[in-house]
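Right, one structure below, let's go through it.
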Amino acid sequence: MDLTVVTYIVYLSVSIGLTVWVARTLSRNGQIFLADVLRGNEKLADAVNHLLVVGFYLVNLGFVALYLKVGDPVADTRGVFEALSEQLGVVLLVLGVLHLGNVWVLNRIRRRGAMDREELPPVPPQGWTAPAAGA
C-alpha cells in the first residue's frame, strides 16, 4: 500500500476520533450551561445542545475532509510523520478554536439570561446626595 494512502487512513482515523471526543465533551458539559440559561427547561436545553453538536460535527468534519490532501507524495516513514503532524496540528487548532467559540457563545447566552433575571433594587432611590464640598 502506498504511504500516502496510509497517511490518509491515519489522518482520517485520528481526526474523526478527536472530533467525536470533543463533540461529546462539549455536549456533556454544555448541557449544564444550557439548562442554567434556559431556566431548567431540560427539553429545550437538550434540543439546543443537539443542534450545537450537529453544527460542530458538520463544520469540523467538513474541514477534515477538505484538508485531507497531502501536498507532496509521501515517500518514506519520515514523510508520513511530517504530513500527519502538519495535518493533525491544523485539525487540533481548528478543534480548539471551535471549542472556544462554543464556550464563548454559551457564556454569552448565560450572561444574557442572568441579566434578564436581575430584579429591581429592593428599595427605589429617594433622591440624590449632593457632592462633598471639596470635591
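Descriptive notes on the structure:
- Of the residues making up segment 92-111, those that are among the basic types (Lys, Arg) and free of Cβ contacts under 8 Å to residues at least 60 places away in the same chain are 108, 111.
- Looking only at segment 15-42, and only at residues there that are at pLDDT 90 or above and open to solvent by 60 Å² or more (accessible area, probe 1.4 Å), the one that is farthest from residue 94 (Cα to Cα): 24
- Among residues of segment 46-75 that are of a type in the set (Ser, Thr, Tyr), those with a beta-carbon under 9 Å from a residue that is assigned to a helix (DSSP H, G or I) and surrounded by fewer than 14 Cβ atoms within 10 Å (Cβ to Cβ) at least six positions away or on a different chain give the pairs 57/20.
- Cβ pairs under 8 Å, 6+ apart, first in segment 29-43 and over 15 Å from residue 107 (Cβ atoms) and touching a residue at least 12 places away in the same chain (Cβ under 8 Å), second assigned to a helix (DSSP H, G or I) and open to solvent by less than 50 Å² (accessible area, probe 1.4 Å): 39/113
- In segment 64-112, the residues that are modelled with pLDDT of 90 or more and within 30 Å of residue 35 (Cα to Cα): 93
- Residue list for segment 63-114, filter: of a type in the set (Ser, Thr, Tyr) and part of a helix (DSSP H, G or I): 77, 85
The values are calculated or read from the model by the stated rules, or taken from the named source; none is laboratory data. Computed from a predicted structure; not experimentally measured. Because the Cβ atoms are built from the backbone with ideal geometry, glycine has one as well, and the counts that use them run over all protein chains shown. The accessibility values were calculated without ligands, DNA or RNA, using every heavy atom of the protein model including side chains. Shrake-Rupley method; radii C 1.70, N 1.55, O 1.52, S 1.80 Å.
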